[in-house]
Amino acid sequence: DAQESRGLGDVYKRQIIDIQNDSIMERAIMELIKNGDIRRHLKRASKNYIEKRKYCDSLLKIHLKDKVEYTTPSGGLAFWITPFKRIKIEDLIRKLEMAGVGMTDASKYCIDNSFQGFRFGYGSLSKPNIEKVIMVLNKIL
């Protein structure tokens with residue numbers, strides 16, 4: 001394509017930059033570290049994730065306390081949730097997807113399938129979306 005031959009593709013641009021072992025990128029990152037930008041970003045991000053975890057935990061306690069058990073994570077960005085009612089997790093996941101909520105079956109993370117529940121990752125969700133997921137779970141369970 002003529003337009004592609006005139007313009008540089010991303011891979012080609014990256015190869016040009018990489019000729020000097022990314023010294024420009026290394027200097028830029030060193031500047032971010034020296035200026036404290038990365039430390040400040042990590043502090044803000046950690047505060048944000050802790051706030052989301054607390055918010056999610058409070059909603060689970062309010063809306064699902066009689067329907068599920070879980071342990072509030074001390075680290076990580078997901079709750080591992082087990083419904084009290086014996087249900088097929090695959091069916092629950094399918095119903096959630098039909099309601100517009102993506103959820104991960106815990107079997108994807110467990111070697112022996114001993115955990116009969118699901119993983120609720122909250123890290124990338126906004127507070128309104130966290131609430132939406134919990135409200136949908138409340139209806140389905």
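Table for the structure above
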item: Length added when fully stretched, residue 54-residue 34, from 0.36 nm per residue minus Cα-Cα; result: 4.0 nm
item: Estimated distance in nm for a label pair at residue 110 and residue 124, the labels positioned 7 Å out from Cα along Cα-to-Cβ; result: 2.3 nm
item: The range 77-141: C-alpha gyration tensor shape, a/c 1.5 cut-off, then a/b vs b/c; result: oblate
item: Using a Förster distance of 41 Å, the FRET efficiency for residue 44-residue 65 (Cβ separation, nearest 0.05); result: 0.85
item: Net charge contributed by nearby residues that have their C-beta within less than 12 Å of residue 82 (K/R +1, D/E -1); result: +3
item: Environment charge of residue 69, counting only residues whose C-beta is closer than 15 Å and scoring Lys/Arg +1, Asp/Glu -1; result: +4
item: Scaled radius of gyration (Cα, divided by 2.2 N^0.38 Å) that the range 16-91 gives; result: 1.84
item: Proximal charge balance of residue 119 [Cβ under 11 Å; K/R count +1, D/E count -1]; result: 0
item: Length gained when the stretch residue 26-residue 88 is fully extended (0.36 nm per residue, less Cα-Cα span); result: 17.3 nm
item: Accessible area per residue in Å² at 1.4 Å probe, computed on the range 46-138; result: 60 Å²
item: Accessible carbon and sulfur surface of the range 42-141 relative to its total accessible area, %, 1.4 Å; result: 52 percent
item: Hz values of 3J(HN,Hα) by residue in the range 130-137 - Karplus curve (6.51, -1.76, 1.60), Gly and Pro given as x; result: 4, 4, 4, 4, 5, 5, 5, 4
item: For residue 104, distant residues with modelled amide H under 5 Å away; result: 119, 121
item: Estimated FRET transfer efficiency (residue 74, residue 140; beta-carbon r; R0 35 Å; 0.05); result: 0.80
item: The range 24-137 shape via C-alpha gyration tensor axes, a/c threshold 1.5; result: prolate
item: Amide proton proximity set for residue 69, modelled H, under 5 Å, gap of 5+; result: 82, 84
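The values are calculated or read from the model by the stated rules, or taken from the named source; none is laboratory data. This one's a predicted model, so the numbers in the text were calculated from it and none came from an experiment. FYI the Cβ positions are ideal-geometry reconstructions off the backbone, even for glycines, and counts take in every protein chain you see. Side chains are part of the model used for accessible areas, which takes the heavy atoms of the whole protein and leaves out ligands, DNA and RNA. Shrake-Rupley method; radii C 1.70, N 1.55, O 1.52, S 1.80 Å.
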